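Below is one structure, written out as structure tokens; the observations come after it.
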């Protein structure tokens, strides 16, 4: 019963994997935020009762920036997107490393809508920076600025006869 209990296999896996996930996330996040954001995963916090010294298992995501450290939930859409993107990409990399394979393809579907122009430029730079890590990166967007940022494009447009595909290489 102990192997699957509170301090069992799952706890050991989390304890071993989270530092790697945090490091990989921060490496990516530094590219996305011009070294302005840093993530920290907290797995325990003090109990709410005033006299209690008991720790409660949790997974809190704290983000440090120029204004200090705040909870993930307090970040704007654009900032939260960059944090999410970094965590998801880091998790995908970690899982592929553990499986003994390399990530070949990355698909980003409509992930840019919450970004301002500067945020879009940072994401384009981040995508270009991680491009050598992938055989193919496919981004789906309706934003002209982003479409123009990539030389190779598959553009789909509606016509009276149906959808039309234009390939730019």
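The values are calculated or read from the model by the stated rules, or taken from the named source; none is laboratory data. Keep in mind the model is a prediction, meaning the values are calculated, not measured. Don't worry about glycine lacking a Cβ; one is built from the backbone with ideal geometry, like all the others, and counts go over all protein chains shown.
Which of the residues belonging to the range 12-25 are in contact with a strand residue (DSSP E or B) (Cβ under 6 Å, 6 or more places away or on another chain) and either under 20 Å from residue 81 (Cβ atoms) or loosely packed, with under 13 Cβ neighbours inside 10 Å (or both)? Matches in the range 12-25: 22, 25.
For the range 41-57, the criterion of being farther than 21 Å from residue 13 by Cβ and in contact with a helix residue (DSSP H, G or I) (Cβ under 9 Å, 6 or more places away or on another chain) is satisfied by no residue at all.
Among the residues of the range 99-129, those identified as modelled with pLDDT under 80 and in contact with a strand residue (DSSP E or B) (Cβ under 9 Å, 6 or more places away or on another chain) are 110, 111, 112, 123. The condition of being outside the structural domain of residue 147 (by TED's automatic domain parsing), farther than 28 Å from residue 16 by Cβ and surrounded by 12 or more Cβ atoms within 10 Å (Cβ to Cβ) holds for only one of 78, 119, that being 78. There is at least one residue in the range 151-158 that is over 21 Å from the mean Cα position of the chain (by Cα), outside the structural domain of residue 79 (by TED's automatic domain parsing), at negative phi and outside any strand (DSSP E or B). Of all residues in the range 119-138, those satisfying the criterion of being in a helix (DSSP H, G or I) and either farther than 22 Å from residue 80 by Cβ or without any contact (Cβ under 8 Å) to a residue 40 or more places away in the chain (or both) are 120, 121, 124, 127, 128, 131, 132, 133. If you go through the range 139-150 and keep only what is over 17 Å from residue 126 (Cβ atoms) and assigned to a loop (DSSP other than H, G, I, E, B), you end up with just 142.
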